[in-house]
Amino acid sequence: MSVLARALAATMAGTCLAIRALSAQPGSPAGPVPVERLAARRAALIERVGGGMAIFGSEELRDIERDYPQDSDFRQDNHFFYLTGLETPASWLVLRGGEPGGGTVTLYLPPRDPPSERWTGPKLGPGPEATRLTGITDVRSAEAFESDVAAWLAGLGRSGSAAAAYVSQGSPAHRELIKRLAGSYRGSVADAAELLAQMRLVKDDEELRRLRKAIEITGEAHREGMRLTAAGLFEYHVEAAVEYVFRASGAERVGFPSIIGSGPNSVTLHYDKNRRQTRDGELVVIDIGAEFGYYTADVTRTIPVSGTFTPRQRAVYELVLGAQEAALKAVRPGVTTKELDAVARVYMDGHSGDLCGSQSCSRYFVHSLSHWLGMDVHDVGDYQSRLEPGMVLTIEPGIYIPDEELGIRIEDDVLVTSEGGELLTAEAPRTPDAIEAVMREPPLWLRSPEDASSGDPRRRP
Ligand code: GLY
């Protein structure tokens with residue numbers, strides 16, 4: 001079955017459910033966020049707000065052509081999406097704390113505009129449909145937002161409770177309004193993002209469902225990138241193969257610009273121009289992440305252009321892999337990312353031999369081992385935090401030797417469990433032998449009837 005056929009089969013159920021005139025994320029392959037999940041997140045946040053108030057703004061449509069705003073590249077603000085599941089621009093969410101178990105939630109949506117909906121299709125506005133999709137019963141027109149919030153803030157200020165107003169700005173277009181409202185408040189004003197960051201660090205089941213799918217798609221894209229790579233192809237051919245698999249599998253965008261760094265570009269950590277022609281004997285660092293339903297994978301594999309690692313490349317690769325394995329084994333509740341980083345470096349120091357001259361190869365390990373993963377590739381959350389079940393992080397040691405144009409990074413995504421860590425990225429080939437085996441397979445996306453009967457379907461530019 002082709003990649004496309006498999007992708008279609010896998011996403012049909014979600015798509016059928018999602019096709020409705022008005023829905024939270026119309027047509028999204030990931031489907032809507034369950035209302036109970038949204039309600040639980042808001043309830044947990046209200047506990048943190050205490051007697052204060054938290055304000056979240058949505059993103060805005062971008063006006064790419066300076067003609068009229070389009071939503072083809074619209075991506076909702078992460079906090080707003082996390083709490084509402086909606087992809088509406090020009091919207092606000094206000095949570096007000098109160099007694100334990102109390103608190104109120106008010107959603108502000110732009111009013112419907114039938115003439116413009118002739119061009120854009122139906123949009124969600126204030127009304128019962130928004131309540132059904134979000135579980136929020138108090139849904140008002142966005143036109144009421146400023147006066148409502150000004151009155152609530154004035155009341156909060158008069159109460160003398162010193163409760164904090166937490167504000168998150170959303171789009172740049174909202175900043176002036178938020179600044180004006182917050183400026184009028186007599187109590188303390190804090191960043192609402194800080195309230196949510198620690199909550200978002202521990203993923204709920206719906207977040208993990210989305211992340212697992214993003215990672216599955218990214219693993220398939222890696223396999224396809226490995227199958228395709230051959231000397232003479234440009235880096236952007238590999239990028240195209242990878243991102244084809246993303247889109248055909250229901251990922252709506254990349255979680256970050258795809259990094260396809262061959263030869264000298266393999267030592268540039270965030271190289272994403274992807275314009276160079278590959279040559280035999282080189283390595284390619286492929287650092288990619290599909291975003292599925294607002295959650296992104298982040299997986300790096302380093303592969304030999306020729307399909308076979310040289311003895312030196314294999315030796316350095318195995319050192320990086322060993323360091324990664326040591327860190328993976330150390331993942332468990334209670335440890336910090338800094339401690340995991342130290343485990344990987346100690347391994348490198350103890351196993352470098354003379355691979356990097358008289359000193360350890362760890363001097364070429366020039367970035368830290370881990371970052372949080374979720375709605376953002378470098379997701380929110382405090383790096384002093386001790387690991388807890390439900391957190392997801394990357395484990396990504398690397399060695400970059402510029403003089404040899406030799407860069408190797410291996411990056412995997414790990415879910416912290418009560419027993420240790422679950423390797424979410426196990427399907428993406430990781431050992432040198434597994435990579436070489438996949439590179440011997442023909443790529444799927446270029447396969448035509450003639451290719452299928454004539455052996456190697458790879459085409460050189
Ligand atoms: N792997 C891409 C990044 O960490 O930004």
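Please give the net charge around Asn265, taking every other residue with its beta carbon less than 14 angstrom from that of Asn265, where Lys and Arg add +1 and Asp and Glu add -1.
Values: positive: Lys273, Arg275, Arg276, Arg279, Arg409; negative: Glu235, Glu239, Asp272, Glu282, Asp287, Glu404, Glu405.
Taking every Cβ under 14 Å from that of Asn265, the sum is -2.
List the lysines whose Cα lies under 29 Å from the Cα of Lys338, skipping any in the same chain that are fewer than 8 positions away.
Hits, sequence-local ones excluded: Lys203, Lys213, Lys329.
When all protein chains stay in place, what accessible area (Å², nearest 10, 1.4 Å probe) is found for Val254?
Answer for Val254: close to 50 Å² accessible.
Between the range 162-208 and the range 282-323, how many Å separate their Cα centres?
Here the two parts' Cα centres lie 37 Å apart.
Which angle between 0 and 90 degrees, to the nearest 10, do you get for helix 35-49 versus the longest principal axis of the chain when only C-alpha atoms count?
Approximately 70 degrees, to the nearest ten.
If you project the alpha carbons of the range 350-395 onto their three principal axes, what span does each projection cover, largest first, in Å?
Largest first, the range 350-395 extends 41, 19, 15 Å along its Cα principal axes.
Pop a pseudo-label 7 angstrom from the Cα along the beta-carbon direction at both Arg132 and Glu405 and give the gap in nm to one decimal.
6.0 nm
Loop sites only, by DSSP: take the GluC sites (Glu not before Pro) in the chain that have at most 13 other C-beta atoms within 10 Å and name the longest stretch containing none of them.
Here the longest segment lacking exposed loop sites spans 66-418.
R0 = 60 Å: FRET efficiency of Thr417 with Arg158, Cβ-based, nearest 0.05?
That gives a FRET efficiency of 0.80.
Tally up the carbon and sulfur contribution to the accessible surface of the chain as a whole percent, 1.4 Å probe, everything protein left in place.
53 percent
Can you spot the aspartates and glutamates whose alpha carbon is less than 12 Å from Lys273's alpha carbon? Ignore those fewer than 8 places along the same chain.
Glu235, Glu239
Roll a 1.4 Å probe over the protein heavy atoms and report the accessible area of His237 in Å², nearest 10.
50 Å²
Per DSSP H run of at least 4 residues, take -39500 (n - 2.57); add these up for the chain, divide by its residues and hand me the 222 nm value, nearest 500 deg cm²/dmol.
Value at 222 nm, helices only: -11500 deg cm²/dmol.
Compute, for Phe292, the solvent-accessible surface of its heavy atoms (probe 1.4 Å) with the complete set of protein chains present, and express it in square angstrom to the nearest 10.
Rounded to the nearest 10, that gives 10 Å².
No solvent, one uniform scatterer per C-alpha: report log10 I(q)/I(0) for the range 172-312 via the Debye equation at q = 0.19 1/Å, two decimals.
Calculated log10 I(q)/I(0) at the listed q: -1.01.
Once the cut-off is 18 Å, how many percent of the Cα-Cα pairs in the range 230-347 end up in the long-distance tail? Kindly include the intermediate steps, with their values, before the conclusion.
Values: 4109 of 6903 pairs.
Result for the distance tail: 60 percent.
Quick one: what do you get for the chain if you divide its Cα Rg by 2.2 N^0.38 Å? Don't jump to the answer; show the numbers that get you there.
On the way: Rg = 24.5 Å, N = 461, 2.2 N^0.38 = 22.6 Å.
Against the compact-globule rule of thumb, the ratio is 1.08.
Output the 0 to 90 degree angle, nearest 10, between the alpha-carbon long axis of helix 235-248 and the longest principal axis computed from the alpha carbons of the chain.
With both axes taken from Cα atoms, the answer is about 50 degrees.
Return one number: the angle in degrees, 0 to 90 and rounded to the nearest 10, between the long axis of the Cα atoms of helix 337-351 and the longest principal axis of the Cα atoms of the chain.
Approximately 10 degrees, to the nearest 10.
What does the net charge come to around Glu441 if you take all other residues with beta carbon closer than 10 Å to its beta carbon, with K and R at +1 and D and E at -1? Let's see the in-between values first.
Numbers: positive: Arg223, Arg227, Arg440; negative: Glu224.
Overall, the nearby charge balance is +2.
Counting heavy atoms of the protein chains only and a 1.4 Å probe, report the per residue accessible area for the chain as a whole number of Å².
Value for the chain: 43 Å² per residue.
Output the antiparallel fraction of DSSP beta bridges having both residues in the chain, as a percent to the nearest 5.
Counting DSSP beta bridges with both partners in the chain, the antiparallel share is about 75 percent.
Give me the number: length gained by fully extending Asp272 to Asp191, i.e. 0.36 nm times residue separation minus the C-alpha to C-alpha distance, one decimal in nm.
Answer, rounded to one decimal: 26.0 nm.
Quick check on the range 103-198: take the gyration tensor over C-alpha atoms, sort the square-rooted eigenvalues as a ≥ b ≥ c, and tell me if it's rounded (a/c under 1.5), prolate or oblate.
Prolate is the answer for the range 103-198, as a/c is 1.5 or above and a/b outweighs b/c.
Please work out the FRET efficiency for the pair Ser116 and Asp382, using the Cβ-Cβ distance as r and a Förster radius of 45 Å; give the result to the nearest 0.05.
In this case the efficiency is close to 0.60.
The values are calculated or read from the model by the stated rules, or taken from the named source; none is laboratory data. None of these values were measured; they are calculated from a predicted model. So basically every Cβ, Gly included, is an ideal-geometry build from the backbone, and we count neighbours across all protein chains shown. With ligands, DNA and RNA removed, areas are computed over all heavy atoms of the protein, side chains included. Shrake-Rupley method; radii C 1.70, N 1.55, O 1.52, S 1.80 Å.
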